[in-house]
Every structure is written in C-alpha cells, then in structure tokens.
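Heads up: the structure comes next, in structure tokens.
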2 protein chains.
Amino acid sequence: METKIHLRDGDIPRQWYNLAADLAHEPLPPLGPDGCPISPESLLKVFPAKLIEQEVSPERWIDIPEGVLELLLRFRPTPLVRARHLEQALGTPARIYYKNESVSPAGSHKPNTAMAQAWYNKQQGVERLCTETGAGQWGCALALSCALLGLECKVFMVRVSFEQKPARKTMMQAYGATCLPSPSTETAAGRAVLAEHPDTPGSLGIAISEAVEAAVSDASGRTRYALGSVLNHVMLHQTIIGLEAKKQLAMLGEKVDVIIACAGGGSNFAGLAFPFAADKASGADLEIIPVEPLSCPTLTRGLFTYDYGDIAGLTPMLPMYSLGRDFVPDPIHAGGLRYHGMSPLVSQGVIEGLFSPLALPQTECFRAALLFSRTEGLLVAPETSHAVAAVIRKAEQAKQEGREKVILFNLSGHGMMDLHGYDAFLNGSLVDHEIGEEQLAAALAKLATHPPARF
Amino acid sequence: METKIHLRDGDIPRQWYNLAADLAHEPLPPLGPDGCPISPESLLKVFPAKLIEQEVSPERWIDIPEGVLELLLRFRPTPLVRARHLEQALGTPARIYYKNESVSPAGSHKPNTAMAQAWYNKQQGVERLCTETGAGQWGCALALSCALLGLECKVFMVRVSFEQKPARKTMMQAYGATCLPSPSTETAAGRAVLAEHPDTPGSLGIAISEAVEAAVSDASGRTRYALGSVLNHVMLHQTIIGLEAKKQLAMLGEKVDVIIACAGGGSNFAGLAFPFAADKASGADLEIIPVEPLSCPTLTRGLFTYDYGDIAGLTPMLPMYSLGRDFVPDPIHAGGLRYHGMSPLVSQGVIEGLFSPLALPQTECFRAALLFSRTEGLLVAPETSHAVAAVIRKAEQAKQEGREKVILFNLSGHGMMDLHGYDAFLNGSLVDHEIGEEQLAAALAKLATHPPARF
C-alpha cells in the first residue's frame, strides 16, 4: 500500500469551497467604529474589489482563476502521507494521515492564499502590497507571490520573531521584499506603541495596524494591504487543502473520523477542515479539532463578540472569539499562534458545534514534534507541533478504546527556519506559558465593553 | 502537460547502479601509507563489511534491501519538475527539468546514502556512528537516519559552518545527535590543527580526520565511521536519483541532452549523472557537467593522482582529482563544495571523457539562484546554485543556437537553512574567491610528491 498519495497536476481542484453557504446562521457583518455594518465599498482602499466580493459571498463554490492555478501548480497538489512509523511507535490501531503543506517553496500552506491575493491585486493594477507577519511564514509566502508576479512587497514582522529569525528576513529579501521589525517608527500606530512600551516583543495585532496604515496612507492609490489569515477570503483560498485531501482519501477508500489542525488566525485549520465541515453540517459523524496554545487560548477561553482585528482599531470589528485586541500573548515559539482573535468563520463554526477546540501547553507540543521527527523524519513548525500533539492524544485514546480511527491532520509547515524553539526545548529552558487568571479576567473585562455579538 | 512528474511508491528503483562496471578502465585500488593497495579487510574497523563489499564491487546492479527501501520511502520517489517559468524568463527554446531532492526531511539528497549506511551498520550490530559535515546537510541526514534506527550519532561540523548555521546544530540535536565544531579538542587530529592554526575556519579534510579517529579509537568496537561523499558506495546509493529521473523522463517521452549537477565530493552529481553516463559510455550524444566553485576548482585545475581523503592522512590514499589534502579553500558560502578532493569514480569519468567539468564564481551562482527563486519559487542551497548557474549558461547557449535542448539538473537541496550567503550577496558584501596562482602552484607542488596515479 502506498505511503504517499499524489494527485496529478490535472486533478487540482478548480473551485474553492465557501463554508458560509453551509452554516446554520448567516454570518454577521463586520462593523465600523460607529457600530454599524460597514459597506463592502468602504474597504476598496484596503483590498481589491474581487477579494471584497469573496469576503461577503454567500456562494458555496467559487471558481479559481486559471492564473491562480498556474501559480499554485508550482507546488500543488501536495501529497497526502500516511504516518505509518508514528502509528507503530504509538502502537495505536488508528491510521494517521497528514496533508503535507510544507512542500511549498515558502515551507508552509501560506502561499495558497498569498498567490491568490497577489494575483487579484495584480489584475486590478495594484503595484505594491503591505502586510504583517508573525513567525515569518506568511511574510515569506507573500514575498514569494509578489516576486512571481513582479509586485513590490513590504512586510512588518513582529519584533520578537524578527530578532529570533534573521533567516526569515533574508528569505523575504531574496524574494525582493522589504522587511522591518514591528512596532516600527514608520507608522503612527507603531510609534504610539513604542512610546508606551519601548521594549514590547510586538504582536500580530500591532503589526496589522502598521501594515494597514502603510497601505491606505499611500496617496498614489497603487498600494493595498494583504492579510494572511482571519478573513473569509483567506479561509476560502485555503480550502484547496481539504478539497485535495478528500480526493486523496477517496483514492484510498478511507473515511476520516478525526480532523486536526493548529489555529492561530485559523487559516490552515479552515483550509483542511472546512470541506469536511460541510459533511459534518449534513450529519456526518466527525470530530474536527482546532488546536491552540494554552498561552493564547482564544477559542477555549475567549469570548465570542465583536472585536477589532488589530491593536489600533484600524480594521473593522469582526464577529469572532477574542481575548481582546490589546492582549499581548507571552512570546511562545509558535509565533503564528500568537493572535488575540480568530477567523469569524472558524469562530461561528465553534458556536454552531462543528468544531471542538483544544488548548495545549507548548512543552507537550515540542515533545510530540520530536517523536514525529524521529519516526516520520520531518521536523515540523512549532505551530504545527500543536496539531501533532493533539493527534498523539487522539491516537492514544483510540488505542485505549481499541478503535481503528482514521485521523487526518494538517502538516501546515516545516520547522527548519524555526529551530529557536527546539533549541530552547532541548536545552531545558522552555517553559509553559499558561495565561494567568488575572490577565484573562482583565482582557475579557475590556472586551465586554465592545458591542456584543447578536447570536 | 504536467509540470511535476511523480512516481508511485511501488515504482521506486529496487537496485542501485554501479558505474565501475561500465568504465573503460578498472578503477584503481585505494593505497595504504606504504603505497601498496590496501585490503578490504583492513577497513573493517571503519566501515561495516557490506559497505566495504559495495566499495570494491565490480557488479553493475546491486539490490537495495527492503529495510533500506522502507526508510527511503519516507520521501522517495522525489518529483521531476519542469522549470517552465525559468524557461520563459530566459526566453530559451531549451526545456529545463530538475530532480527535486530538497523534499527530503533533511532538505537535500544526503539521506539517500545516510539511510542506507545507517541501516547496514545497524544490521551488523553497530551502535554509534561518527561523521563530519560541511554545510550541515550531511550531518542532518545522518542524524535523521540514526534517529529512525535508534543509533547514536556524533557529528564534527566544519567550524565556519558551525558558527554561520546554529540552526543546523539544533536540527541534528533534535534528531538526537551530538554536534561539535571542528577542529575540536576531542581528537589528536583536531588538537594538532588548533595548535598550528588556532583561528582556522576548518575544512572537510580536517573534520574527516577527527571523525575517523573518534570512530576507530572506540575500544568497544561498536562505533563506525560514515562518509557523506567521495567513496564508491556513497555514489552507488545516490544513483537512485538518476534511475528515478530516467523513469520520469521516459513517462514524458523526453530524451535528455545536457545533465548538470554541482560537485563537492561528487555525490549529488554522481547520483543524477551515473545512470546516464552508462548511456554515454555506450555512445549516446550527451553532455554531462559537474560544476564546482572557482575557489575550489578540483576537477578543472587539480591533478589526478593519489591523495588522502583527509588532512591527517588517516584515510587510505584514493585515486582522484585533488588540490592537495592540506589545501584549505576560502570560506565561500557553499560549504559542501569546500573539499580538496573528488570521488574517484567521478574523477575517472572525467579522465575517460564522460564528464565535462565547469568552474563558476559564486556571485554568478547567487544571481542565478535569485532568478530561479523569483521564477520557480524555490530558494536553492548555495551548493545547488552552482548547478542553476550552469543551467542558465546552457539555456542561453541553446537560445543563441536556436536549439531545443533538454537540460536536466539536480536540485540537490533547498537553502532555507543556508541564508547567510544570500544575505551577504544581497547586502553587497559577497565577493568572488578565485584560487590564487601561487596558492594553486604551492598546493599542486606538494601533491606531486605523492605517488602518481597509474593511468
């Protein structure tokens, strides 16, 4: 039996799947600072029209343009792999599969939406994109996509990651992008944070403020902003992962029981899970688990409400689980999971009972990642290690119950550029950062002053 | 037409190809310090018996054990990819294909032989392997292979790379290996070099001495040495690359005209080229090009003679092109190409006219790598950039001649853990290190005092 299932180029999915079409409730609209729903038109300075259209689309299927497919075919379809050696090490009757998104040139799933976003911007005559990045995966993906299409690219990188990972900066520069640490002195948002907290490690919320400001303040009108997660169109673009996985599982005749992915802003989780969530919404017996760090437990301990996506309140308010936009998580090594909010579609899926979130401590995740590397070979990203740890928990549960469960997870990225955390774990200096009760209460109390969600 | 050609797991080659069977002359034997051929038995303290058997085997085809295949299937077969976007950027009528060995868990072709060597050692009851590494690709590959089989692993890493690439050390440690900078104070060979040159950047020749000494001096007899290049059995294990590529080209109906790979010790070059060299030896019209750095031009400016593989003279003398065992190349960023010698089989292939070596300056190579990354997406290793630069030269030549050549190269590794050189190139501090005439003359004069080869 094959260990790796490849699709041919010609079998790449030609439409994205939109979960909004299958949710029990119509998604809530984003709100402006006045608490009223914002019009799609008001976002035209930030995003190209086609992406705004996708953001609010109720359509179940949306065609992938040929130009986007051509970009994606540089690395897609990605392989589905059976983790047979991990199964053996665990002695579990479960069959474990992973979708290997680490084979992309940027090393993660992020190019799935970066390429699409860059392409739509290019079509509309945009010449430059601004963005933020946490661990650097998204920044590299957008830099790559801009290079392939001849666009300029500017990346605000969360300072703690910028300092831990100089190679990420070089990679973005190799793709022709500009990369600077956030908070920076280039934006009013950055300067405001630096004035109050000169030693801040930064956060995705801060970096988003800076990138949005840099985009909309360009008087030429040729600059737009690109976001690597959270928004509906980003989730949409990522669904190609799960759509491919469905084809690959069908080739094997496998019926999946458990789906697992880590969740920071939600994009790699949504990418794998949404196409399966449609089946669950229709009654399929399926457990779908977004995994987050205990130090930033948005889905498990946050509130579902309206909140801003960034720290400065430059974005619309989104209906989502949040820990509060000025919550700055401890500097855990899974930089991509350090976000106060969560994709509205993922959040609503939790509310509607489609997804069952789980929060894990980082030492358990690194331990799981080491076992994975010493059995399967691949060294996964610190973010992905959260998925691996949850997989191991479920596989051990299957062993106790003596059940042949089929577990599928998203190997969202490799960790070859993120070895700082492994180093800390191996030398014993890594500790678990669980959110403090007082910190949580303070964050949520602030949140409660925002307009409540209308579910 | 497909861009990526995948073989199924079941199509993985089941035999390695041995070029020795198709050379015009029988390969010369290794010599001991007395100038006499050494007996295979004298190597039993260094290598397991099966690998020594392969080292001297005249057989054309050698079976790959099932246990090795199971290890290799973690990432093999690797894809053959058409570099269509690079072709378009060059406006060349040439069709450019690459074998993508960067998809291995260690990021390069090195696990092809690391897994085989670790497996044969394990079969013979060996418990610990010692080795050296330059850029870190080989050390990571052996650490990975040892982890998968439960062997201990100790890696002496050339100091300049050790300092430039802390992430490589962490990766080896994640796989459970010990990694230390060479020259070290742990061996007599290391201490001798440090006494004379305390600030030496190190070299592969020095690190090999240390690793061999550490292996043979273990009184328990449970430690062996593993080499990542140069030796015949290493070339043998790598031929799975070219054997797969042949199947993949046949699926496309393509007939290849030019084969290109970088050459340090020769293993990724041999891996791709040897199965095609058999056709060339039988009269096929085919250009096969090993590419080396101008700063370490072993094949283009060295002598074919007998020389030691390491600096201390602990290895047998091998019949090969060499710049002299105490030649320490400038610290160019392609650490894997900083070796004074060359695989005896590759060397003899050059002598017999099968291969046409080319030496390139590193700035041309980094420029080529940037063009590749901005068209195809993948950021290649600094070593691999030499192959890319040669490919671009040949593709431009095809354009001038208006000929539809088919060019195949080995994408031996990605550069995501080797971005130091890219950083230097991008900030303008990278210069070309051509070997000085005086330095070369001095190195070759020393060499001439060694016993001459008998061709």
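The values are calculated or read from the model by the stated rules, or taken from the named source; none is laboratory data. The structure displayed is predicted, hence computed values, not measured ones. Backbone-built Cβ (ideal geometry, glycine too); neighbour counts: all protein chains shown. Areas reflect the complete protein model, heavy atoms only, side chains present, ligands, DNA and RNA absent. Shrake-Rupley method; radii C 1.70, N 1.55, O 1.52, S 1.80 Å.
Below are the figures for this structure:
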quantity	calculated
Single residue of A:Leu86, A:Leu142 found to be among the aliphatic types (A, V, I, L, M), assigned to a helix (DSSP H, G or I) and either surrounded by fewer than 23 Cβ atoms within 10 Å (Cβ to Cβ) or in the same structural domain as A:Gly266 (by TED's automatic domain parsing) (or both)	A:Leu86
Hits in region A:311-331 - residues which are closer than 29 Å to A:Leu430 by Cβ and touching a residue at least 40 places away in the same chain (Cβ under 8 Å)	A:Ile311, A:Ser322, A:Leu323, A:Gly324, A:Arg325, A:Asp326, A:Phe327, A:Val328, A:Pro329, A:Asp330, A:Pro331
Unmet requirement for B:Glu41, which otherwise passes all of (1) at pLDDT 95 or above; (2) part of a helix (DSSP H, G or I)	(1)
Index of the failed condition, A:Pro33 passing every other in (1) within 14 Å of chain B (Cβ to nearest Cβ); (2) open to solvent by 50 Å² or more (accessible area, probe 1.4 Å)	(1)
Residue match in region A:249-260 (condition: aliphatic (A, V, I, L, M), assigned to a strand (DSSP E or B) and surrounded by 24 or more Cβ atoms within 10 Å (Cβ to Cβ))	yes
Test: A:Ala245 is free of Cβ contacts under 8 Å to residues at least 12 places away in the same chain, in a helix (DSSP H, G or I) and outside the structural domain of A:Leu23 (by TED's automatic domain parsing)	no
Filter result (acidic (Asp, Glu) and either part of a helix (DSSP H, G or I) or assigned by TED's automatic domain parsing to the domain that holds B:Gly413 (or both)) within region B:211-242	B:Glu213
Hits in region B:393-407 - residues which are open to solvent by less than 20 Å² (accessible area, probe 1.4 Å) and not in a strand (DSSP E or B)	B:Ala395, B:Ala398
Residue check for A:Gly283: over 27 Å from A:His340 (Cα atoms) and modelled with pLDDT under 95	yes
Looking only at region A:44-83, and only at residues there that are buried (at least 21 other Cβ atoms within 10 Å of the Cβ) and of a type in the set (D, E, K, R), the one that is farthest from the other protein chains (Cβ to nearest Cβ)	A:Arg76
Per-region count, region B:332-363, residues farther than 25 Å from B:Ile311 by Cα, touching a residue at least 40 places away in the same chain (Cβ under 8 Å) and open to solvent by 20 Å² or more (accessible area, probe 1.4 Å)	5
Members of region A:174-201 that are within 14 Å of chain B (Cβ to nearest Cβ) and assigned to a strand (DSSP E or B)	A:Thr178, A:Cys179
Selected residue (criterion: most open to solvent (accessible area, probe 1.4 Å)) from residues of region B:145-180 that are polar (S, T, N, Q) and at pLDDT 95 or above	B:Thr178
Count - residues of region B:369-392 that are open to solvent by less than 10 Å² (accessible area, probe 1.4 Å), within 13 Å of chain A (Cβ to nearest Cβ) and either out of contact with any Pro (no Cβ under 8 Å at 6 or more places or on another chain) or within 19 Å of B:Gly264 (Cα to Cα) (or both)	6
Qualifying residue in region A:225-244 (condition: modelled with pLDDT under 95, surrounded by fewer than 24 Cβ atoms within 10 Å (Cβ to Cβ) and either under 18 Å from the mean Cα position of the chain (by Cα) or of a type in the set (Asp, Glu) (or both))	no
Count of region A:89-99 residues which are surrounded by 20 or more Cβ atoms within 10 Å (Cβ to Cβ) and either facing chain B (nearest Cβ under 10 Å) or not in a loop (DSSP other than H, G, I, E, B) (or both)	5
Candidate set from region B:1-30 (those that are open to solvent by less than 70 Å² (accessible area, probe 1.4 Å), in a loop (DSSP other than H, G, I, E, B) and within 14 Å of chain A (Cβ to nearest Cβ)); member that is farthest from B:Thr305 (Cα to Cα)	B:Glu2
Qualifying residue in region A:307-321 (condition: away from chain B (no Cβ under 14 Å), among the β-branched types (Val, Ile, Thr), open to solvent by less than 10 Å² (accessible area, probe 1.4 Å) and farther than 22 Å from A:Ala395 by Cβ)	no
